[in-house]
Amino acid sequence: MAELKCAVENCMYNNSDCCCKGDIMVGGMRACTCDDTCCESFREQKADRMTNATEHPCRTISIDCEAVKCVYNTNYKCYADHVDIKGCGANDCRETACATFKER
Ligand code: SF4
């Protein structure tokens, strides 16, 4: 399980840089740089959709990942000790990225 820090504050799962979703999916099958990746679990927080999704912030999280060219990826699982997700103010998951991505 990776320690996760997420800068995407307007995601419905974000609580103080922690993710409350429990597990996430990182996309980017052909990624060669971190900007080719994205957090596919991102859901934009909508004012009319206040939920209790942020009740259980976790510092560590299980990450399924499609970015097979990353040094931390084994069998579509992330084995990095720490992962940073960037994309503050994103409106769509394509505007997020795994800043920890490192090409093999
Ligand atoms: S660090 Fe690599 S393996 Fe882990 S989530 Fe990011 S891109 Fe995927």
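Structure above, values below:
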quantity: Sequence-distant residues sharing a close amide H with Ile85 (under 5 Å, placed H); calculated: Lys5, Cys6, Ala7, Ala99
quantity: Amide H contacts under 5 Å for Cys65, placed H, 5+ residues apart; calculated: Val26, Lys77, Cys78
quantity: Whole-Hz couplings from phi, Karplus 6.51/-1.76/1.60, listed for segment 28-43; x for Gly and Pro; calculated: x, 3, 9, 4, 10, 9, 5, 5, 8, 9, 7, 8, 6, 8, 4, 9
quantity: Residues with amide H under 5 Å from that of Arg43, placed H, sequence gap 5 or more; calculated: Met12, Tyr13
quantity: The chain: relative contact order in percent, alpha carbon pairs under 8 Å with at least 6 residues between; calculated: 38 percent
quantity: Under 27 Å from Lys102, Cα to Cα: lysines that are on another chain or at least 8 residues apart; calculated: Lys5, Lys21, Lys69, Lys77, Lys86
quantity: Rg(Cα) / (2.2 N^0.38 Å) computed for the chain, rounded to two decimals; calculated: 0.99
quantity: For segment 1-44: rounded, prolate or oblate by the Cα gyration tensor [a/c cutoff 1.5]; calculated: prolate
quantity: For the chain, accessible area per residue (1.4 Å probe, heavy atoms of protein chains only), Å²; calculated: 57 Å²
quantity: Carbon + sulfur, % of accessible area of the chain - ligands and nucleic acids excluded, 1.4 Å; calculated: 48 percent
quantity: Sites matching GluC sites (Glu not before Pro) across segment 1-90 that sit in DSSP coil, with at most 12 neighbouring C-beta atoms within 10 Å; calculated: Glu55
quantity: Hz values of 3J(HN,Hα) by residue in segment 88-104 - Karplus curve (6.51, -1.76, 1.60), Gly and Pro given as x; calculated: 3, x, 4, 9, 8, 4, 5, 8, 10, 7, 8, 6, 8, 3, 9, 5, 4
quantity: Chain lengthening between Val68 and Thr33 when straightened (0.36 nm per residue, less Cα-Cα); calculated: 11.4 nm
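The values are calculated or read from the model by the stated rules, or taken from the named source; none is laboratory data. Fair warning: this is a prediction, and the values are worked out from it, not measured in the lab. Virtual Cβ from ideal backbone geometry, glycine too; neighbours counted across all protein chains shown. For the accessible areas, the whole protein counts, side chains as well, though only heavy atoms, and no ligand, DNA or RNA atoms are used. Shrake-Rupley method; radii C 1.70, N 1.55, O 1.52, S 1.80 Å.
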